[in-house]
Amino acid sequence: MNVWVEQGDILFYLSRSGSFDENNTLLKQGRFRLKLQPDLFLDAVDFRQQLRLNDGYVSISCNGVEVQLWADVFRPVVHVEVKSEKRVSAEIAY
């Protein structure tokens, strides 16, 4: 996965080994946009995005909310976990 934050949304591309085209280019399977309400990055003071390589996930935290993304190695599934003390709703689009 490629994971980044853009205009208050978390975006990520998916790829899979063996997804090559006729020019031997590794193709992306799709782009996802995760939108959180209320906006997690509005008035961001303590933004942090980390790749936790030993544990195998990406962590994005800001304003007391943490989002973790990781891929399941045994099934074609991406997990998105949102930890927050306040109520947060999420919307995802492909």
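Quick notes on this one:
- In the stretch 1-31, residue nearest to the chain's Cα centre (by Cα) [restricted to those that are acidic (Asp, Glu) and surrounded by fewer than 10 Cβ atoms within 10 Å (Cβ to Cβ)]: Glu6
- Residue match in the stretch 74-84 (condition: among the β-branched types (Val, Ile, Thr), part of a strand (DSSP E or B) and open to solvent by 50 Å² or more (accessible area, probe 1.4 Å)): yes
- Residue check, Leu34 over 14 Å from the mean Cα position of the chain (by Cα) and at pLDDT 90 or above: no
- Only a single item in (1) farther than 14 Å from Lys83 by Cα; (2) polar (S, T, N, Q); (3) surrounded by 11 or more Cβ atoms within 10 Å (Cβ to Cβ); (4) at pLDDT 90 or above is not met by Ser61, and it is number (1).
- Leu11 vs. criteria among the hydrophobic types (A, V, I, L, M, F, W, C), touching a Lys or Arg at 6+ places or on another chain (Cβ under 6 Å) and modelled with pLDDT of 85 or more: yes
- Residue in the stretch 37-54 that is farthest from the chain's Cα centre (by Cα), counting only those that are charged (D, E, K, R) and surrounded by 10 or more Cβ atoms within 10 Å (Cβ to Cβ): Asp39
- Total residues in the stretch 1-38, condition within 19 Å of Tyr94 (Cα to Cα) and assigned to a loop (DSSP other than H, G, I, E, B): 3
- Taking each residue of the stretch 12-37 that is touching a residue at least 60 places away in the same chain (Cβ under 8 Å) and farther than 19 Å from Val73 by Cα and looking for partners that are charged (D, E, K, R) and open to solvent by less than 60 Å² (accessible area, probe 1.4 Å) with beta-carbon atoms closer than 6 Å, six or more apart or interchain, yields Arg33/Asp9.
The values are calculated or read from the model by the stated rules, or taken from the named source; none is laboratory data. Quick caveat: nothing in here was measured; it's all calculated off a predicted structure. FYI the Cβ positions are ideal-geometry reconstructions off the backbone, even for glycines, and counts take in every protein chain you see. Each accessible area value is taken on the protein alone, full model and side chains, heavy atoms only, with ligands, DNA and RNA left out. Shrake-Rupley method; radii C 1.70, N 1.55, O 1.52, S 1.80 Å.
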